[in-house]
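Asker: Below is the structure I would like to discuss, written out as structure tokens.
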Amino acid sequence: MTTYIDEEQFLSEYEDSMDIIEMMLPKFEVGVKESVVKLEGLLQGTDYHALSEELHSLKGMVGNFYCPKLYDLALGMETTAKAGTADGITDSLKEFSELYPKVIAEVGTLLQRYAS
């Protein structure tokens, strides 16, 4: 049983193609790290359009791994930025940054369990 990932949805999508996940996981990890750094920079300014676009991309990345908590955090931050504010985004981004390594570890566990 997984804590962060919706294992049923994840397996429904990827059970027969864990090789794709093995290829995606390192790219996901790098992509998320790069996105977080970019978001931290964007939070220093007031370009909420660029902020919402980066958050939209981040939301898409995490959506591939069926992690409702990460997805909801990204969606909430994106919605806030689209409203023309950054209120609470710094705290949400911190929570996101603390959670995503746990999700990566959980995906690794699923790979070990279900890879052929």
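The values are calculated or read from the model by the stated rules, or taken from the named source; none is laboratory data. Keep in mind that this is a model prediction, so the values were computed, not measured. Cβ coordinates were reconstructed from backbone atoms using ideal geometry, including for glycine residues, and neighbour counts include every protein chain displayed.
Asker: Only one of (1) buried (at least 17 other Cβ atoms within 10 Å of the Cβ); (2) modelled with pLDDT of 95 or more fails for T79. Which number is that?
Answerer: So the condition that T79 fails would be (1).
Asker: Against the definition (free of Cβ contacts under 8 Å to residues at least 60 places away in the same chain, touching a Leu at 6+ places or on another chain (Cβ under 9 Å) and farther than 30 Å from Y114 by Cβ), how does L42 come out, yes or no?
Answerer: Against the criterion (free of Cβ contacts under 8 Å to residues at least 60 places away in the same chain, touching a Leu at 6+ places or on another chain (Cβ under 9 Å) and farther than 30 Å from Y114 by Cβ), L42 qualifies.
Asker: Please specify each residue of region 1-19 satisfying the condition of being surrounded by 12 or more Cβ atoms within 10 Å (Cβ to Cβ), under 11 Å from L111 (Cα atoms) and among the hydroxyl-bearing types (S, T, Y).
Answerer: Y14
Asker: What is the number of the single condition among (1) charged (D, E, K, R); (2) in contact with a Lys or Arg (Cβ under 8 Å, 6 or more places away or on another chain); (3) surrounded by fewer than 17 Cβ atoms within 10 Å (Cβ to Cβ) that E53 does not meet?
Answerer: Failing condition for E53: (2).
Asker: Looking at region 20-39, which of the residues that are charged (D, E, K, R), free of Cβ contacts under 8 Å to residues at least 60 places away in the same chain and loosely packed, with under 15 Cβ neighbours inside 10 Å is farthest from G76 (Cα to Cα)? Steps first, please.
Answerer: Keep residues of region 20-39 that are charged (D, E, K, R), which gives 22, 27, 29, 33-34, 38.
Pick out the ones that are also free of Cβ contacts under 8 Å to residues at least 60 places away in the same chain and you get 27, 33-34, 38.
Those left that are additionally loosely packed, with under 15 Cβ neighbours inside 10 Å: 27, 33-34.
Numbers: K27: 24, K33: 19, E34: 19 Å.
By that ranking, first place goes to K27.
Asker: Would you check if there is a residue in region 95-105 being closer than 15 Å to E7 by Cα, without any contact (Cβ under 8 Å) to a residue 60 or more places away in the chain and out of contact with any Cys (no Cβ under 7 Å at 6 or more places or on another chain)? Spell out the reasoning first.
Answerer: Filtering region 95-105 for residues closer than 15 Å to E7 by Cα gives 102-105.
Next cut, without any contact (Cβ under 8 Å) to a residue 60 or more places away in the chain only: 105.
Going one step further and asking which of them are out of contact with any Cys (no Cβ under 7 Å at 6 or more places or on another chain), we end up with 105.
Yes, there is a match, as at least one residue in region 95-105 is closer than 15 Å to E7 by Cα, without any contact (Cβ under 8 Å) to a residue 60 or more places away in the chain and out of contact with any Cys (no Cβ under 7 Å at 6 or more places or on another chain).
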